[in-house]
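Note sheet for the following structure.
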Ligand code: NOJ
Ligand code: CA
């Protein structure tokens, strides 16, 4: 990986945009977003300036986990369109300078995949060994007490076979046995089939789980993970101009470079989740979130900036389809919604790494409010509610957790306009549209030259056009400050100073020496500033970036 020179991989100057196809744009009135709908909205993305789309799964799927359960890796789910639509999407996006990065879900497939059907029908079929089978435990129950992420045991009995198969997620998502070289070869072949169609790379779903050893209760970052990733690189990525980003909930600053160090030949970058899990309850996890605490948040993000300072590359994000809306989680989705949406964007987009925008984030979409379990669509919320109810938990308590951290928050449809259903569909949407679409929508935001979209467009342009944004060295400042996030980026004798008040109160901020700068205003959500020095009075959620001479660091 090159440093500050011009000749850098394209994804180091690009911003990604995640599309959750089911909820982006419906084109045929069946209430489900689809690929023709995405094509119809590509100009929105082109205007934002994003360099690639991470497309959540559109493969054939029974939709037990909204497409993260794939029954045919080489077919498009009819609800989303056809392979021709997909090819058209690749071409139409490409014409706008946007690459399509697909979601690669290969820790598991669907129990409706041909492989699993054959595996169950005939234990001597080669496909039987694509999955992880064990005999019942001594008491006739599951072989181990491993639990599934969505609730219930991680083992399901197939009565005809008298054996259990392993699934870390739903029973409809049997884990693939990566120990089997034939399975690995089949996956590599499928990956090449997609890459040859012209896609820009892969986001690799829970990829840190593929090296697991269930008998030893080792699931994440198992002993064979890195050999498998290196083999995958050789088989599919070597010599191609792709982007690969792994979803790795268990990665630490100590293990990150094993995936994305420059001499590793595995992945380009990984999503780490420290700034997310820092706010999960130590026992009750995401369903009982801890209050936002800025020093904790900064510590996590800054630690990762430091860890990948000289090698590796950060994937920067606050939102995705599994997380609450960022303005609700880390900002203020009431009075300061627009300003805090811009403040959070500023804080993330001027760090070193590749930022990912989740659909709707660019207009400051908020969490929704569930009042009835019938409104849940997500298998995780449904499964955990069943367990909570069995334990005698009150619905009200459960709803508090789901409203804070449930995945359906991110999955309510994209709000395009104040039309019925936010312009997402002319039919009945598969999940309720957030009632605030009348006020919060793309058309309304775009009509405002100071809207959230305009702010994102500018930040995305800065990464493309300014080397200090893409490659400047990161320097942390005011780390313990309870209200302000501040850092500098330095490159070739220039300094970019970023100051963000992440609170709804005004604050007076004493600028530390190493953050001082005078020069050009690159970004501001209140009024442009050209000087960072002395004591600054910051408005609620004020965020700005100023660039000028300064900074000792050489090329990053
Ligand atoms: C992570 C995905 O982001 C999530 O949506 C899914 O439920 C699990 N992996 C299982 O594939
Ligand atoms: Ca549709």
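The values are calculated or read from the model by the stated rules, or taken from the named source; none is laboratory data. A quick note: this is a predicted structure, and the numbers were derived from the prediction, not measured. Here Cβ is always computed from backbone atoms with ideal geometry, including for glycine, and neighbour counts include all displayed protein chains.
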Seminar exercise, completed: Selection from region 491-518 of residues within 29 Å of the chain's Cα centre (by Cα) and crowded, with 23+ Cβ neighbours inside 10 Å yields 491, 496, 497, 498, 499, 500, 501, 502
Problem set entry | Selection from region 116-131 of residues that are more than 16 Å from residue 171 (Cβ to Cβ) and either touching a strand residue (DSSP E or B) at 6+ places or on another chain (Cβ under 9 Å) or crowded, with 16+ Cβ neighbours inside 10 Å (or both) | 123, 127, 128, 129, 130
Exercise. Does residue 154 meet the test of being away from ligand 2 (no atom under 16 Å from the Cβ) and either modelled with pLDDT under 95 or over 25 Å from the mean Cα position of the chain (by Cα) (or both)?
Worked result: no
Exercise. Say we look at region 51-74 and pick out the residues that are farther than 28 Å from residue 355 by Cα and part of a strand (DSSP E or B); which of these is farthest from ligand 2 (Cβ to nearest atom)?
Worked result: 74
Exercise. Looking only at region 212-248, which residues are crowded, with 18+ Cβ neighbours inside 10 Å and assigned to a loop (DSSP other than H, G, I, E, B)?
Worked result: 212, 219, 221, 222, 242, 248
Exercise. Is it the case that region 106-114 has a residue that's away from ligand 2 (no atom under 16 Å from the Cβ), part of a helix (DSSP H, G or I), farther than 27 Å from residue 425 by Cα and free of Cβ contacts under 8 Å to residues at least 60 places away in the same chain?
Worked result: yes
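Conditions (1) assigned to a helix (DSSP H, G or I); (2) in contact (Cβ under 8 Å) with a residue 12 or more places away in the chain, marked per residue:
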{"residue": "94", "(1), (2)": "yes, yes"}
{"residue": "103", "(1), (2)": "no, yes"}
{"residue": "127", "(1), (2)": "yes, yes"}
{"residue": "138", "(1), (2)": "no, no"}
{"residue": "150", "(1), (2)": "no, yes"}
{"residue": "182", "(1), (2)": "yes, yes"}
{"residue": "203", "(1), (2)": "no, yes"}
For this session: Could you tell me which of the residues 147, 163, 134 is touching a strand residue (DSSP E or B) at 6+ places or on another chain (Cβ under 8 Å), within 15 Å of ligand 1 (Cβ to nearest atom) and over 30 Å from residue 53 (Cα atoms)?
Result: 147
For this session: From (1) farther than 25 Å from residue 222 by Cα; (2) touching a helix residue (DSSP H, G or I) at 6+ places or on another chain (Cβ under 6 Å), pick out the condition that doesn't hold for residue 275.
Result: (1)
For this session: Of all residues in region 184-201, count the ones that are touching a helix residue (DSSP H, G or I) at 6+ places or on another chain (Cβ under 8 Å), part of a loop (DSSP other than H, G, I, E, B) and surrounded by 17 or more Cβ atoms within 10 Å (Cβ to Cβ).
Result: 1
Exercise. Taking helices (runs of 4 or more DSSP H) that fall entirely within region 318-426, which contain at least 2 residues that are touching a helix residue (DSSP H, G or I) at 6+ places or on another chain (Cβ under 9 Å) and within 16 Å of ligand 1 (Cβ to nearest atom)?
Worked result: 379-390, 395-405, 408-411
For this session: All but one of (1) in contact (Cβ under 8 Å) with a residue 24 or more places away in the chain; (2) over 30 Å from residue 165 (Cα atoms); (3) within 16 Å of ligand 2 (Cβ to nearest atom) hold for residue 98, so report the exception by its number.
Result: (3)
Problem set entry | Residues located in region 32-50, provided they are over 30 Å from residue 116 (Cα atoms), part of a loop (DSSP other than H, G, I, E, B) and either within 14 Å of ligand 1 (Cβ to nearest atom) or more than 16 Å from the chain's Cα centre (by Cα) (or both) | 41, 49
For this session: Mind counting the residues in region 59-79 that are farther than 18 Å from residue 191 by Cβ and more than 16 Å from ligand 1 (Cβ to nearest atom)?
Result: 2
For this session: Would you check which residues across region 249-299 are outside any loop (DSSP other than H, G, I, E, B) and either surrounded by fewer than 16 Cβ atoms within 10 Å (Cβ to Cβ) or within 16 Å of ligand 2 (Cβ to nearest atom) (or both) and list them?
Result: 277, 281, 285, 295, 296
For this session: Report, by residue number, each residue of region 427-436 that is closer than 20 Å to residue 361 by Cβ, in contact (Cβ under 8 Å) with a residue 40 or more places away in the chain and part of a loop (DSSP other than H, G, I, E, B).
Result: 429, 431, 432, 434
Seminar exercise, completed: Residue count, region 75-92, condition within 16 Å of ligand 2 (Cβ to nearest atom) and not in a loop (DSSP other than H, G, I, E, B), comes to 6
Exercise. Do we have residue 22 as within 16 Å of ligand 2 (Cβ to nearest atom), farther than 28 Å from residue 149 by Cβ, at pLDDT 95 or above and under 23 Å from the mean Cα position of the chain (by Cα) here?
Worked result: no
For this session: Find all pairs meeting these conditions: Cβ atoms under 9 angstrom apart; at least six residues apart or on different chains; first residue within region 395-411 and under 25 Å from residue 21 (Cβ atoms); second residue in a helix (DSSP H, G or I) and within 16 Å of ligand 2 (Cβ to nearest atom).
Result: 410/23; 411/22; 411/23
Exercise. Taking region 5-16, which residues are within 16 Å of ligand 1 (Cβ to nearest atom) and in contact with a helix residue (DSSP H, G or I) (Cβ under 7 Å, 6 or more places away or on another chain)?
Worked result: none
For this session: Could you please give the count of residues in region 152-177 that are outside any strand (DSSP E or B) and crowded, with 20+ Cβ neighbours inside 10 Å?
Result: 9
